[in-house]
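Accompanying notes for the structure given below.
The values are calculated or read from the model by the stated rules, or taken from the named source; none is laboratory data. Given the structure is predicted, the values throughout are model-derived calculations rather than measurements. Glycine also receives a Cβ, built like all others from the backbone with ideal geometry; neighbour counts cover every protein chain displayed. Note: accessible area is taken over every heavy atom of the protein model, side chains too, but ligands, DNA and RNA are not part of it. Shrake-Rupley method; radii C 1.70, N 1.55, O 1.52, S 1.80 Å.
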Amino acid sequence: MAFGDYPAEYNPKIHGPYDPARYYGPPDTPFGQLKLTEVGAWFGRRNKNPRALVGAVSRAWWRWQHKYVQPKRSGIAPFFQVVTGAMLFFYVINYGKLKHHRNYKYHW
Amino acid sequence: MLSRFAFRSVQYSRPLMGVRCSQTVAASGERAVTASEERDEVRFPRPVRAEFPDKVRHGFIPEEWFQFFYKKTGVTGPYTFGVGLATYFISKEIYVLEHEFYNGISLFIMAVFAVKKFGPKVAAYLDKEVDEVANSWKHEREDEITSLGDTVVAEKKEQWRAEGQKDLFAAKRENVALQLEAAYRERLTIAFNEVKRRLDYQVERQNIDRRIAHKHMVTWVIQNVLKSISPQQEKESLAKCIVDLRGLAKA
């Protein structure tokens, strides 16, 4: 599988038009329906090589796109979501500098 | 925009947007699919582009976040959680209220004001634009279908007209045959007339020959007869005539 190829599990004859937000591999129990005892086993079953991780991020991106950005009459929500995410991200990466601006000397 | 949620009466199941936004008939019959490789429409339905985005609250927080809390904590749960978390972060100064925070508050107020004030108008305008574009595409497609249908009808008519050419060809062939027949008959007449003329000439010539020969023969016979009449015979015949005349006169 080279750059730009479809996932190996994707078969147009069975799956029809390709949906970038969809996982075409064998289905597993959704994370939200797991018992706490099953979480470890669930993570053990995950494919953790970098390609699979990139694929997961790509699918999440397209799910977000289909949910908020791509609908015919989408609103301003995705912009605010990106702004909020960016605020959090930049706060975290700048935290080392920002923590010097603390006002209180003693915390309990 | 925020005003959109008024229009949403149902919770949309989230159909996934496809690579192709408009639904057309799925391409089929390109390859013969074996039984094991049949198209699975149930588990993998054709993705459809959503009309509206999923519901959010306060401009950007997904509705699912609140639903997640409702089952456990009731309606105030998510807000209690948010306020509690913010209090914790601020009181412990994990979130530091430095100058950017106050800058952020003013920006936030301006953004909220702008969204509340201009959001509905912009949304209405953009909806109109979206509808215009969608309608123009739809019309283009329909016009294309109509024009292609017209082309098919015109082509059928042209084929029907071309069928008419066959009759025309037959008529032309008949016409040519008639002309050929006419030319043949004309030549036949000419040949007949020429032959007749020649035969008439021969007949006339023979008639003239015979007449001339006859005339010569008569002339020759008369001359010879006249030549053979002697003066004595003439006198005798004259005397005989006179006798006859006298005999007649007596009678």
**Request:** Please state, rounded to one decimal and in Å, the Kirkwood hydrodynamic radius that the protein assembly as shown gives when every pair of distinct Cα atoms enters the mean of 1/r.
**Result:** 33.0
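In peptide B:37-44, how many Cβ atoms from other protein chains are near each Cβ within 10 Å, on average?
4
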**Request:** Post the alpha-carbon centroid distance, segment A:1-28 to segment B:116-145, in whole angstrom.
**Result:** 33
**Asked** Which value, in Å² rounded to 10, gives the accessible area of A:Y10 with a 1.4 Å probe and all protein chains present?
**Response** 30
**Asked** Hey, got the dipole for the protein assembly as shown? About the Cα centre, +1 on K and R Cβ, -1 on D and E Cβ, debye to the nearest 20?
**Response** 60
**Message:** Considering only C-alpha atoms, what is the centroid distance from segment B:158-186 to segment B:205-230, in Å?
**Reply:** 67
**Message:** Per 0.36 nm of contour for each residue apart, how much would the distance between B:Y79 and B:E98 grow if the chain were fully extended, relative to their Cα-Cα spacing?
**Reply:** 4.4 nm
**Request:** Over all alpha-carbon pairs of chain B, lay out the pair-distance distribution in 10 Å bins, whole %, shortest bin first.
**Result:** 5, 9, 12, 11, 8, 7, 5, 4, 4, 4, 4, 4, 4, 4, 4, 4, 3, 2, 2, 1, 0
**Request:** Work out, step by step, the length gained on full extension between B:V225 and B:R141: first 0.36 nm times the residue separation, then minus their alpha carbon distance; give nm to one decimal.
**Result:** 17.9 nm
**Message:** Springs between alpha-carbon pairs under 10 angstrom, Gaussian network model over chain B: which of B:E236, B:E64, B:E129 fluctuates most?
**Reply:** B:E236
**Request:** Counting only heavy atoms of the protein chains, get the accessible area per residue of segment B:177-231 (1.4 Å probe) and round it to a whole Å² value.
**Result:** 98
**Request:** Sort segment B:177-231 into rounded, prolate or oblate with this rule: let a ≥ b ≥ c be the square roots of the eigenvalues of the Cα gyration tensor; rounded if a/c is under 1.5, and if a/c is not under 1.5, prolate when a/b is larger than b/c, oblate otherwise.
**Result:** prolate
**Asked** Taking the Cα-to-Cβ direction at B:Y88 and at A:N49 and moving 7 Å from each Cα, how far apart do the two end points lie in nm?
**Response** 3.9
**Prompt:** Structure shown: which of A:K35/B:K72; A:K72/B:K121; A:K99/B:K92; A:K72/B:K138; A:K72/B:K71; B:K215/B:K235 lie over 21 Å apart, alpha-carbon to alpha-carbon?
**Reply:** A:K72/B:K71; B:K215/B:K235
**Prompt:** If r is the Cβ-Cβ distance from B:R211 to B:Q179 and R0 is 41 Å, what FRET efficiency results, to the nearest 0.05?
**Reply:** 0.30
**Message:** Under the rule a/c < 1.5 gives rounded, and otherwise a/b versus b/c splits prolate from oblate, where does segment A:12-101 land using the Cα gyration tensor?
**Reply:** oblate
**Asked** What's the average, rounded to a whole number, of partner chain beta-carbon atoms within 10 Å of each residue's beta-carbon in A:75-88?
**Response** 5
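With a 10 Å radius around each residue's Cβ, average the other Cβ atoms per peptide and rank B:243-250, B:44-51, highest first.
On the way: B:243-250: 8.8, B:44-51: 16.2.
Ranking, from highest mean packing down: B:44-51, B:243-250.
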**Asked** Ranked from highest to lowest mean number of other Cβ atoms within 10 Å per residue, what is the order of the peptides B:67-77, A:60-70?
**Response** A:60-70, B:67-77
**Prompt:** What average number of partner chain Cβ atoms lie no more than 10 Å from the Cβ of the residues making up B:45-51?
**Reply:** 4
**Asked** What does the highest-first list of A:15-26, B:146-157 look like by mean Cβ count within 10 Å?
**Response** A:15-26, B:146-157
**Item:** Helix-derived mean residue ellipticity, 222 nm - over chain A, DSSP H n ≥ 4, -39500 (n - 2.57), to 500
**Value:** -12500 deg cm²/dmol
